[in-house]
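The values are calculated or read from the model by the stated rules, or taken from the named source; none is laboratory data. A quick note: this is a predicted structure, and the numbers were derived from the prediction, not measured. Cβ placement follows ideal geometry from the backbone for every residue including glycine, while neighbour counts extend to all protein chains displayed.
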Amino acid sequence: LPVPPRKVVPKPVQKPHPPMWVACTQPSTVEFAGKNGLGALAFGIGTGKSNDYVKLYREKIKEARPVGAFVNNRFALWVHTLCARTDKEALALQGPSFHMYGDYVRQLFAPWIDGKPPKSYEWNMEFFKSYQEQMKNITLEEVVKAGGACIGSAETCREVLQFVSDAGVDEALLFMQSFKTPHKAVMRSIEMIAKDVKPKLKSKKTPAKVAARK
């Protein structure tokens, strides 16, 4: 795996080196991460029907030929998050930023909507078109209910994060500080996650096939 020389500041102190990760936005990159013994930083656990990305990663990492000094068998998931006193309050606070993120994604793919995207983006383009159609007929409440975002009361956030854990995810990267979300709401969300959500999470089940949340 060719990595050009880079100056890293501050200098990593772990021996032999810090855990190595790769960002994964499509199945081929998830497979690449597993084969090379890299941690997967993912934006989804699968197609929306199951945890097939997690399963693919675990299968490939069994036979990993690590590019680093060791295998980093970790699957992390980026999760749009905000915890508030009620579902209604959380959706009102984080909803605009959630949709703004979608607008930025649309801008990224806009040049290729009617043309041919670069080869490395072909899968993403097809997924994006499908996602666009789905979002025309689905509310943010339904996205949360399916486990696609962790925005709501402490109980709602607990249910979503338990779903994520049961799917086989090792780490949830909780993205709260997005766009116009008030700083005070973010700080309160962090406190609520720590006090009212995390202590109630149970050890994850052995993942087989995880359907969308009921």
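Being farther than 21 Å from Cys24 by Cα and hydroxyl-bearing (Ser, Thr, Tyr) is a property that holds for Ser97. Just the residues that are over 26 Å from Ala40 (Cβ atoms) and touching a Lys or Arg at 6+ places or on another chain (Cβ under 7 Å), please, taken from region 163-200. The one that is over 26 Å from Ala40 (Cβ atoms) and touching a Lys or Arg at 6+ places or on another chain (Cβ under 7 Å): Lys200.
Of all residues in region 21-33, those that are farther than 12 Å from Phe43 by Cβ have Cβ atoms under 6 Å from Cβ atoms of residues that are part of a strand (DSSP E or B) and of a type in the set (A, V, I, L, M, F, W, C), 6 or more apart or on another chain, in Trp21/Leu41; Ala33/Val22; Ala33/Cys24; Ala33/Ala40. Residue pairs whose Cβ atoms lie under 8 Å apart, sitting 6 or more positions apart in sequence or on different chains, and linking a residue in region 68-92 that is under 20 Å from Gly168 (Cβ atoms) and in contact (Cβ under 8 Å) with a residue 12 or more places away in the chain to a partner that is acidic (Asp, Glu) and in a loop (DSSP other than H, G, I, E, B), are Arg74/Asp170; Phe75/Asp170; Ala76/Asp170.
Can you tell me which residue among Ala23, Ala64, Ala69 is aliphatic (A, V, I, L, M) and closer than 16 Å to Trp123 by Cβ?
From the options Ala23, Ala64, Ala69, the qualifying one is Ala23.
Can you tell me which residue among Ser189, Ser178 is within 21 Å of Cys83 (Cα to Cα), outside any helix (DSSP H, G or I) and either among the hydrophobic types (A, V, I, L, M, F, W, C) or out of contact with any Gly (no Cβ under 9 Å at 6 or more places or on another chain) (or both)? When all the criteria are applied, what remains is Ser178.
I need the full set of residues from region 138-161 which are part of a helix (DSSP H, G or I) and within 14 Å of the chain's Cα centre (by Cα), in order please. Across region 138-161, the qualifying residues are Val143, Val144, Val160, Leu161. Filtering region 155-173 to residues that are among the hydrophobic types (A, V, I, L, M, F, W, C) and surrounded by fewer than 20 Cβ atoms within 10 Å (Cβ to Cβ) leaves Ala172, Leu173. Phe179 meets the conditions (1) modelled with pLDDT under 95; (2) at negative phi; (3) surrounded by fewer than 18 Cβ atoms within 10 Å (Cβ to Cβ) in every case but one. The failed one is (2). Taking region 66-101 as the range and being among the small types (Gly, Ala, Ser) and out of contact with any helix residue (DSSP H, G or I) (no Cβ under 8 Å at 6 or more places or on another chain) as the test, the residues that pass are Gly68, Ala69, Ala76, Ala92, Ser97. Contact map, region 104-119: residues that are farther than 22 Å from Thr29 by Cα and touching a residue at least 12 places away in the same chain (Cβ under 8 Å) paired with residues that are of a type outside the set (Lys, Arg) and exposed (fewer than 12 other Cβ atoms within 10 Å of the Cβ), Cβ distance under 7 Å, separation 6+ or inter-chain. No pairs are found.
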